[in-house]
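First the structure, in the form of structure tokens, and then the observations on it.
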Amino acid sequence: MASLLITRGLHSLIASRDSTPNENVAWNAITRRDSEKQQVFSTVLLFIWFMVNIVLFVPVLFILVYTLNRLYPTLAIVEATDFSPDYELVAGKEVDIDDDRKVDAGRNSKDITIVADNSFDGKGSSATLIPDETAGIPSTPSQPVTSGLLATLRLLRATGGGIFKAYRWRFLYNCVVGIVFACLSSVPYLPYFAASIIASLAATKVETAWTHAAVSTQRDGRLWKKLPSYLAILKATAVPLVAEAVVIEIINAVAFLPLGPRTGSVDPLGVLPRFAHNDNGTRITVFIVLFFTLYTCFLVPTEVILTRTRATMLPDDASTLVPLDSSIRSQTVEQMGFMSWTHAWRTFSRASWVRIVKIYAKIFATTILIVFVVFGLIFAQVLVSSVVMQPSTAH
């Protein structure tokens, strides 16, 4: 009996010893299969996350770089500040203006008569309505459309093109500048600064075409035919273009001083620089304030001069998105030369300067806000993805 128990115990011990490797092999196969599934799932999730970010952030980047920082200021610079009357007509109605400065809206407008007064002192009403129907007619003096970012966006959408208005000309300008700069960069002993100036001068006619396309409703073919000769445009824009290049170099040299020397790049492509004091909040604040101050005091005036000088070359019969400042139309192309930029400087009123600075402040603040929001979303996505893609541990 004892021998039988011993024999059975030995057999069970041997069986358990022989089955252990088989169980380990099976467990390893299951674990390996689960890890492969986890890797495939992580790859698919990473691809989906990458595509969603492209769909979300590329339009945002386009709006920041082009619509906010290029298109909006151009429209604001050329718009008249005292053109709009202090009433607004309802769209779709035929109107007649009589000798008493009364606007008769006709039979189909419920016999509305609008009496326009040009007083902006706020004491009198901006419009007298008989009967009292105020739908669509503001009671306060109207402001330039470009004073508000949302109003400018509605204008762009209503006139066609939207945030992509005139982008084809801007893309062509970037291509011309890039090609010329690439060719000049291979010239020995030619500084990059000089190459960038020459490239801007070479593409000045294309950039003038972009300005005309941005502020007017001309078709591309007609727009190019109506442009002055390249030599005439070069004479009018040469001095402001050189001044703009010098100002950009000064801003890049001075504004980044609080951040210390450059120590590398944040991204692998070397587009985003890394500085010695990137993590210092006080230095970053000083950099933002200094950059905006230099940009407003030096670069904005050169852009104003360039834009107004190019807008002067618009044909007389061109239809514009916003009413042009009267001083822009006061100079002809035949009168323009190397010193014609002084006319654009002298005729820009103080009120217009204040309005432009306010618009640039809005654009700058909106840009910073959107950048912080985008970086916050990216940081949140990285945290979520690190939790989701973390491999499960075996117990």
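Figures for the structure shown
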read-out	value
Positive-end residue of Phe181, Ala199, Leu149, charge dipole of the range 136-259 with Cβ unit charges	Leu149
Sequence of His277, His343, His212 when ordered by accessible area, the most exposed leading, probe 1.4 angstrom	His277, His343, His212
Length-normalised contact order of the range 274-361 in % [C-alpha pairs under 8 Å, at least 6 apart]	30 percent
Too-long pairs where the Cα-Cα distance tops 31 Å, listed order kept, from Lys165/Lys235; Lys226/Lys358; Lys165/Lys225; Lys226/Lys362	Lys226/Lys358; Lys226/Lys362
Nearest-10 value in Å² for the accessible area of Glu303, using the 1.4 Å probe	20 Å²
Area of Leu231 that stays accessible when all protein chains are in place (1.4 Å probe, Å², to 10)	100 Å²
Highest to lowest packing among 144-152, 304-312, scored as the average C-beta count within 10 Å	304-312, 144-152
Heavy atoms of Lys358 accessible to a 1.4 Å probe, total area in Å² rounded to 10	130 Å²
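The values are calculated or read from the model by the stated rules, or taken from the named source; none is laboratory data. Note that the coordinates shown come from a computational prediction; the quantities given were computed from them, not determined experimentally. With ideal geometry, Cβ positions are generated from the backbone for all residues, glycine too; neighbour counts draw on all protein chains shown. We work out accessible area using only protein heavy atoms, side chains counted, and drop any ligands, DNA or RNA first. Shrake-Rupley method; radii C 1.70, N 1.55, O 1.52, S 1.80 Å.
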